[in-house]
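Before any comments, here is the structure.
We did not get these values from a lab; they are worked out from the coordinates using the rules stated. Given the structure is predicted, the values throughout are model-derived calculations rather than measurements. No Cβ is skipped: glycine too gets one built from the backbone with ideal geometry, and neighbour counts run over all protein chains shown.
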């Protein structure tokens with residue numbers, strides 16, 4: 001009964017939004033009221049709708065004009081045809097009819113292309129021969145590449161090390177997250193202080209942030225940096241040192257959190273400074289120097305757009321990280337908290353991952369990026385808009401009103417970089433849709449790119465004052481962060497990995513298992529986020545009505561169960577992913593040394609034969 | 001213009017990114033942080049005592065802010081958590097740097113999985129309730145999903161309980177395996193409760209205007225005031241919001257900690273004076289139960305009357321209602 005009522009509330013909410021939007025566009029006297037922001041935004045939405053309507057009408061008019069023009073032409077042709085026939089004599093007409101009859105009766109013999117000889121495969125191009133093609137239950141994916149990429153074996157080692165570590169931390173972080181999710185259903189799961197929900201929550205977020213995401217991005221970037229600069233990586237020693245330090249960051253940081261030592265609970269900066277500074281900021285700067293020197297010694301004239309994004313990401317993150325640990329007290333700390341909470345995501349994960357797409361997406365499709373200039377626009381607008389929006393985590397808080405307003409306005413402005421990026425990626429994909437059926441790299445990319453637009457737009461809407469009124473403090477936030485960090489970042493990183501890893505190790509994972517990973521993660525994410533969004537809305541409305549707080553806890557229960565179900569699917573998909581990485585990495589060393597020996601060898605076919613036998 | 005040819009000049013590219021970003025950061029981070037970090041405390045606002053400070057450290061260490069906010073936003077729904085919206089001065093003492101290793105704690109929070117704690121010292125002012133709730137939240141709130149912080153307590157054989165030990169009262173049998181033992185609070189638990197009980201919204205000095213709560217629908221506020229004003233405060237929701245924490249929604253209380261109101265002699269006495277007195281000024285003379293905090297400052301006479309009348313007419317209780325005037329009389333006579 002309560003459930004049903006709550007469902008009605010969701011409906012009511014939708015109605016309320018529309019009523020408010022129209023109500024405020026008309027009512028000038030309320031311009032100074034709190035809905036000012038939402039009213040303006042609502043008006044813009046209305047204007048856009050009208051504009052869209054105008055465009056549709058214009059297109060319809062244009063279409064009918066063209067149709068009329070075509071019709072006139074056809075009629076003219078018909079008249080001409082009639083006149084032509086009247087002017088012919090009967091022999092001519094018979095001849096034309098005979099010709100037409102012969103062409104209608106013509107049939108192919110079926111041997112025009114292959115001839116009558118048995119087929120041979122001199123160049124080893126045929127992957128599989130079957131005389132009995134059966135319809136398969138799932139679409140069969142091609143082996144994407146047989147080319148064992150010839151590159152510096154040292155570079156391969158570092159990339160593979162980073163990616164393997166990222167897979168490990170992903171699984172660890174998800175296990176922790178899943179365990180924490182179960183505690184919403186069974187709060188009495190255990191009574192161990194180290195495993196209490198409030199201590200595990202930051203362990204989960206920090207592990208997937210500094211473990212999974214960061215390791216994956218940096219590992220993939222080592223390859224991009226060296227490859228697009230057409231040179232060797234500046235220093236492998238530095239790379240390995242940073243690899244160890246980054247790992248220690250998570251190990252020490254998590255141990256401290258479990259012991260109850262944290263940095264005052266500021267989100268994503270729970271590691272205390274004696275851990276975060278030497279084990280994250282220092283190796284981050286080392287990584288930057290390494291990348292910078294590599295690009296500085298590039299053997300091509302131009303700096304590839306991916307490297308712009310990656311440079312930007314590391315520089316901005318270094319500034320953001322140092323800022324986060326400045327000794328600032330009182331509400332000043334809260335201003336910094338909003339800044340860091342959002343920049344940690346936007347400047348580090350988003351900017352970096354976008355940079356990776358600019359290399360790995362076109363590379364996997366074997367075509368150039370659609371527009372280089374659009375990429376540049378996206379980068380600078382990312383800097384301008386994203387930097388300003390952190391305070392939208394503290395709408396209606398005692399932080400200055402102007403700061404909140406700036407955050408809301410620029411949140412809406414995010415439409416520009418997000419749309420620029422999305423259009424660029426989708427236009428790059430255009431004409432290559434067949435890759436959706438051919439390999440799983442493209443589906444991972446497509447999901448990541450679509451979520452880039454949808455997740456970011458949803459975030460912009462969530463930042464406005466009206467939506468904040470209902471959604472803030474509820475589980476809607478948790479859903480949003482999973483749509484973005486999982487739907488965008490994780491899917492794109494997986495796409496890049498499934499593209500590059502087989503090329504580095506010469507081993508392709510089983511397509512069935514890559515598919516299992518994809519679908520479990522994809523469906524799991526919906527099972528996770530949708531119930532939390534619905535539940536979060538219901539919870540916010542329950543608060544709005546002034547119902548007792550515990551009522552809002554009880555109504556969340558079924559949604560928390562669904563979240564745990566989705567989380568389990570995601571966890572399972574990560575185990576599959578871990579196995580896929582293990583499968584590709586296992587025994588790759590032999591290839592690396594062989595590749596080193598062969599580095600003087602010139603013929604591509606040798607390598608082809610070699611990988612063929614694996 | 002080779003200087004700005006970012007395509008080929010990596011130095012220009014990197015420096016531009018760095019400097020422009022620093023500039024933007026100054027606008028949205030450094031400047032507001034500088035502005036917001038130096039506020040004078042309100043008159044009479046006291047710094048945290050040593051115990052409360054230790055309690056705050058436990059609060060941070062257990063990461064309570066993961067689920068509990070400490071900010072009354074200036075919107076209508078947050079009226080449930082405080083009398084006025086939060087202002088920067090509220091955080092002068094609590095958001096000082098914690099120690100050399102730990103920064104100013106992020107108390108405002110971003111998730112309200114559990115209730116806001118800005119004013120919890122007023123709402124749940126009972127030491128016994130707080131201890132029982134920390135040890136086993138579901139003993140007082142069956143639907144709670146809060147972790148039970150058992151490691152802040154230890155078990156002692158009931159013969160060896162010292163005079164100075166603070167025992168958790170009213171713990172149902174099912175939560176303690178060995179019936180001969182008692183659960184005693186550690187110093188950390190007592191410090192944490194001390195801190196929680198100190199969380200009370202500080203009243204603003206005269207002449208200083210509190211920011212207003214923003215209503216959801218401004219129009220209705222203006223026109224539709226007449227219909228709701230006559231209804232008076234709702235005793236049931238007030239009871240559920242405050243009193244039910246200890247006395248429970250069923251009115252039966254928690255045996256050994258919080259007395260039952262169902263069938264209680266005081267509640268069922270047609271002379272309401274004692275009942276009113278207890279609600280207004282608290283009660284601490286029954287050795288079987290923990291002390292009750294006074295609620296006179298939190299509620300108006302009308303609200304107290306509404307709560308009392310709800311108690312007097314629920315769970316089978318049946319006694320004569322009291323009026324707001326009677327409450328006023330008792331209040332004035334005892335002040």
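Here the gap between residue A:128 and residue A:450, fully extended at 0.36 nm per residue and compared with their Cα-Cα distance, gives a gain of 112.5 nm.
Which residues in the range B:172-188 place their backbone N less than 15 Å from a point set 7 Å from the Cα of residue B:155 along the Cα-to-Cβ direction? Of the residues in the range B:172-188, B:172-185 have backbone N under 15 Å from the label point off residue B:155. Considering only alpha-carbon pairs that sit under 8 angstrom and 6 or more positions apart, the relative contact order computed for chain B is 16 percent. Measuring from a point 7 Å past the Cα of residue B:178 along Cα-to-C-beta, which residues in the range B:121-136 have an amide N at less than 12 Å? In the range B:121-136, the label zone of residue B:178 (backbone N under 12 Å from the point 7 Å along Cα→Cβ) covers no residue.
Extension gain, residue A:545-residue A:558: 0.36 nm per intervening residue step, less the Cα-Cα distance, totals 2.6 nm.
When peptides B:72-79, B:324-331, A:198-205 are sorted by average Cβ neighbour count within 10 Å, with the highest value leading, the order is A:198-205, B:72-79, B:324-331. Spacing of the modelled spin labels on residue B:143 and residue B:302, each 7 Å from Cα toward Cβ, amounts to 2.8 nm.
Take B:197-207, B:256-266, A:356-366 and order them by the average number of nearby Cβ atoms within 10 Å per residue, most first; the result is A:356-366, B:256-266, B:197-207.
Model label points for residue B:27 and residue B:200, set 7 angstrom from Cα along the Cα-to-Cβ axis, are 4.5 nm apart.
Using a simple spin-label model with pseudo-atoms 7 Å out from Cα toward Cβ, residue A:91 and residue A:523 lie 7.4 nm apart. Between residue A:65 and residue A:427, the FRET efficiency estimated from the beta carbon spacing at R0 = 30 angstrom works out to 0.60. Potential lengthening of the chain between residue B:9 and residue B:187 amounts to 57.9 nm, from the contour at 0.36 nm per residue minus the alpha-carbon distance. Largest mean-square fluctuation among B:238, B:216, B:24, in a Gaussian network model of chain B whose springs join Cα atoms under 10 Å apart, belongs to B:24.
Between residue A:149 and residue A:575, the FRET efficiency from the beta-carbon distance, with R0 = 25 Å, is close to 0.35.
With the alpha-carbon atoms of chain B aligned to their principal axes, the span from lowest to highest coordinate is 93, 62, 36 Å, starting with the largest. For residue B:79 and residue B:328, a Förster radius of 30 Å and the Cβ-Cβ distance give a FRET efficiency of 0.80, rounded to the nearest 0.05. Largest GNM mean-square fluctuation across B:145, B:22, B:87, computed for chain B with C-alpha springs under 10 Å, falls on B:22.
Within the listed set B:120, B:28, B:322, the residue fluctuating most in the Gaussian network model of chain B (springs between alpha-carbon atoms under 10 angstrom) is B:28. Using Cα centres only, tell me the gap between the range A:358-389 and the range A:558-576 in whole Å. Using only Cα atoms, the two centres lie 32 Å from each other. Residue by residue along A:263-271, Cβ atoms of other protein chains within 10 Å of the local Cβ number 6 on average. Relative to its Kirkwood radius, the Cα radius of gyration of the range B:73-191 gives an Rg/Rh of 1.04. Helix B:50-61 and the longest principal axis of the Cα set of chain B meet at an angle near 70°. Partner shielding of B:55-67 amounts to 5, given as the average count of beta-carbon atoms from other chains within 10 Å of each residue beta-carbon. Which of rounded, prolate or oblate describes the range B:231-334 when judged by the alpha-carbon gyration tensor and an a/c cut-off of 1.5? Rounded.
At 222 nm, what value in deg cm²/dmol follows for the protein assembly as shown if DSSP H runs of at least 4 each add -39500 (n - 2.57) and the sum is divided by all its residues, to the nearest 500? Helix contribution divided over all residues of the protein assembly as shown: -18000 deg cm²/dmol. With the cut-off at under 13 Å, measuring from each backbone N in the range A:512-553 to a point 7 Å along the Cα-to-Cβ line of residue B:237 picks out A:542-549.
The mean number of partner chain beta-carbon atoms within 10 angstrom of a residue's beta-carbon across peptide B:7-20 is 5. Residues A:428, A:474, arranged from fewest to most other Cβ atoms within 10 angstrom of their Cβ, appear as A:428, A:474.
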